[in-house]
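The values are calculated or read from the model by the stated rules, or taken from the named source; none is laboratory data. Since this is a predicted model, take the numbers as computed values, not measurements. All Cβ positions, glycine included, derive from the backbone under ideal geometry; neighbour counts span all protein chains shown.
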Amino acid sequence: MENDLSPELKRDLILSLGTHRTERRLSPLEVARLIDLLYRNGTSFKEIAHLVSLKSTSTLREIHRLLALTPDIQHLVGWGKPSASTLPMKSAQQIARLSSWPDQLTATEATLVHELTSEETRQVVESRIRSQEPIDDCIDAVLRLRPTIERKYLFLGAVISSRVCRHLETLTQGERDEVFKASISHCYDNWPQWSGKLGDSRFTISGATDLARVIEQLPSGFEQAITLCLESFLELS
């Protein structure tokens, strides 16, 4: 069982699961992939729980469920509190219950743009599953329960350079996010307030109306502009 992981990966897995800190070496999806690797190689959830000093398998199973998410949103899942660019793990686990990837994407956008709580996300998901009403109607029904709605914008894009993608694949989620922040600051130091996350081939940027106007006015399109920015910062061009 333990031979399936290097000593470094085993350490990172234990530290990422056996702590309540928000800053962990591995992202929830990186942990889910390691759990899946062990499970597919014949290790039971009970044995994995013993390896990482967990008393039960429930946490492992909940994290493993994240692999049902569409790849378009997997990089957004984080341990910490919700933000305009981080999908909390509890909300992500609810969204993973949706069998339709387009529904998952819509539910994720609503969760980030409207900063839905995990309970609100659960209500959206359960309404979609039970009523079979369109996902947008389920979201609107939950939002109508709120006294006010704050408008934010979410841009989901792809890194369109294979060289950049290959480099990003060598980094952890935390390292990619640091590269993203630094590269945007390097290329666009006058941007309005924004937040974002960078996967190995996709990225997300979120902010208010002033940021949306800036991004929409990028002459080459925001995907190409962000890719060129990453290339420049990483000196891959």
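Residue by residue, here is whether (1) touching a Gly at 6+ places or on another chain (Cβ under 6 Å); (2) more than 21 Å from Pro71 (Cβ to Cβ); (3) at pLDDT below 90; (4) among the small types (Gly, Ala, Ser) holds:
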| residue | (1), (2), (3), (4) |
| --- | --- |
| Trp191 | no, yes, no, no |
| Gly196 | no, no, no, yes |
| Val214 | no, yes, no, no |
| Glu223 | yes, no, no, no |
| Thr227 | no, no, no, no |
| Leu230 | no, no, no, no |
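Here is the figure for segment 76-97: residues that are within 15 Å of Glu120 (Cβ to Cβ) and of a type outside the set (Lys, Arg) total 8. The set of residues in segment 23-44 that are among the charged types (D, E, K, R), surrounded by fewer than 14 Cβ atoms within 10 Å (Cβ to Cβ) and not in a helix (DSSP H, G or I) contains only Glu23. Filtered by the rule that a residue be within 11 Å of the chain's Cα centre (by Cα) and surrounded by fewer than 22 Cβ atoms within 10 Å (Cβ to Cβ), segment 65-79 gives Thr70, Pro71, Asp72, Trp79. Does Thr111 qualify as being of a type outside the set (Lys, Arg) and surrounded by 14 or more Cβ atoms within 10 Å (Cβ to Cβ)? For Thr111, the condition - of a type outside the set (Lys, Arg) and surrounded by 14 or more Cβ atoms within 10 Å (Cβ to Cβ) - is met. If the condition is being in a helix (DSSP H, G or I), under 21 Å from Val77 (Cα atoms) and small (Gly, Ala, Ser), then segment 131-182 contributes Gly174, Ala182. Only one entry in Arg128, Arg176, Arg202, Arg144 is assigned by TED's automatic domain parsing to the domain that holds Gln93, surrounded by 13 or more Cβ atoms within 10 Å (Cβ to Cβ) and of a type in the set (D, E, K, R), namely Arg128.
Applying the criterion of being without any contact (Cβ under 8 Å) to a residue 24 or more places away in the chain and closer than 19 Å to Gln224 by Cβ to the residues of segment 152-179, the residue that is nearest to the chain's Cα centre (by Cα) is Arg166. Within segment 48-60, does at least one residue satisfy the condition of being under 17 Å from Arg202 (Cα atoms), modelled with pLDDT under 85 and either of a type outside the set (Lys, Arg) or surrounded by 15 or more Cβ atoms within 10 Å (Cβ to Cβ) (or both)? No, that holds for no residue.
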